[in-house]
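J.: Below is one structure. I have some questions about it.
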Amino acid sequence: MSVGPPQISASLLNADFARLGDEAERAVRGGVDSVHVDVMDGHFVPVITIGPAGVSAIRAHAAQLPLHSHLMVSQPLRHIPAFAEAGSDLIVFHVEADDDPTEVIAAIRGAGRGAGLALNPETSADAMLPFLERIDLLLVMTVHPGRGGQAFIPDMLLKIRDLRDEIERRGLRLPIGIDGGVNLATIGPAHRAGGEILVAGSVLYRESGELATTVRALRSAATEPA
Ligand code: DX5
Ligand code: ZN
């Protein structure tokens, strides 16, 4: 199994929302590889978080890094132009959403952005198989979406491995992202199973001060032998 080096993506969900720009800059200084913005509509998940205006405000403070907008919304299609315009480099939506994934992927690509597709813990890996050739990131939820600080669901490791094997069997270059409960104990197993983009939220933002030490520790824990 060939998995690329671990990439740390900072989720701002547990950051101080009163100072999101500063918090994004803290992630940049900490040496992360991308910024992950969790967009929730209060319908797909019970919580409401942030919209395109918030994404563009964060964009201004992390211009040098890829920005991934993670849309936990029931109707992603009609929101794609606004999130593209706000500066998202990659827009991730859920296979469980109401809209036809093929149409949403086409809209994201049509807006010149990378397309990501996510699945919830209860959703079978099979749901992703029709779309593997058409997406730029496959995001495996390792917690139930809706809040940060939850425990990693270990059963997802098998799902990650199965998807990784299928991607390899098809000869595709498609990174797998891991979202939820990533910390110093879970990042190693998640990376070994096939996770390349590791989203880190509360493990980073429960810290005050600079994040570089935690980011370095996560990166080395990811590649530590089992
Ligand atoms: C949850 C979000 C995650 C979350 C990760 O619905 O999609 O990105 O913020 O946070 P931690 O790392 O604390 O689980
Ligand atoms: Zn997320």
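The values are calculated or read from the model by the stated rules, or taken from the named source; none is laboratory data. Keep in mind that what you see is a predicted model, and the values were worked out from it rather than measured. Note: ideal-geometry Cβ built from the backbone for every residue, glycine included; neighbour counts use all protein chains shown. Only protein heavy atoms, including side chains, enter the accessible area calculation; ligands, DNA and RNA are left aside. Shrake-Rupley method; radii C 1.70, N 1.55, O 1.52, S 1.80 Å.
J.: On the protein heavy atoms, probe 1.4 angstrom, tell me the percent of accessible surface of segment 160-226 carried by carbon and sulfur.
T.: Solvent-exposed carbon and sulfur of segment 160-226 make up 50 percent of the total.
J.: Per DSSP H run of n ≥ 4, the term is -39500 (n - 2.57); total these for the chain, divide by its residue number, and report the mean residue ellipticity at 222 nm rounded to 500 deg cm²/dmol.
T.: Per the formula, -9500 deg cm²/dmol.
J.: Related question: Per residue, how large is the accessible surface of segment 10-150? Use a 1.4 angstrom probe and give square angstrom.
T.: 39 Å²
J.: I would also like to ask the following. Computed FRET efficiency, Cβ-Cβ of Ala106 and Ala53, R0 30 Å: what is it to the nearest 0.05?
T.: It comes out at approximately 0.75.
J.: A follow-up question, please. What is the distance, in nm, between label points placed 7 Å from the Cα along the Cα-to-Cβ direction at Thr213 and at Ala63?
T.: Here the modelled spin labels are 3.2 nm apart.
J.: If you restrict to DSSP beta bridges whose two residues both lie in the chain, what percentage is antiparallel, to the nearest 5?
T.: Once the DSSP bridges in the chain are tallied, antiparallel ones form about 5 percent.
J.: Whose amide H sits under 5 Å from the amide H of His94, counting only residues 5 or more places off or on another chain, with H placed in the peptide plane?
T.: Correct list: Val73, Ala118.
J.: Further question: Rounding to the nearest 20 debye, state how big the charge dipole of the chain is about its Cα centre with +1 on each Lys and Arg Cβ and -1 on each Asp and Glu Cβ.
T.: In debye, rounded to 20, the chain gives about 500.
J.: How large is the Kirkwood hydrodynamic radius of segment 114-226, counting all unique pairs of alpha carbons, in Å?
T.: Averaging 1/r across every pair of different Cα atoms and inverting gives 14.5 Å.
J.: Dividing the alpha-carbon radius of gyration of the chain by 2.2 N^0.38 Å (N being the number of residues), what value is obtained?
T.: With N residues counted in the chain, Rg over 2.2 N^0.38 Å equals 0.93.
J.: What is the packing order of peptides 90-103, 185-198, 152-165, taking the mean over residues of other C-beta atoms within 10 Å and listing the highest first?
T.: 185-198, 90-103, 152-165
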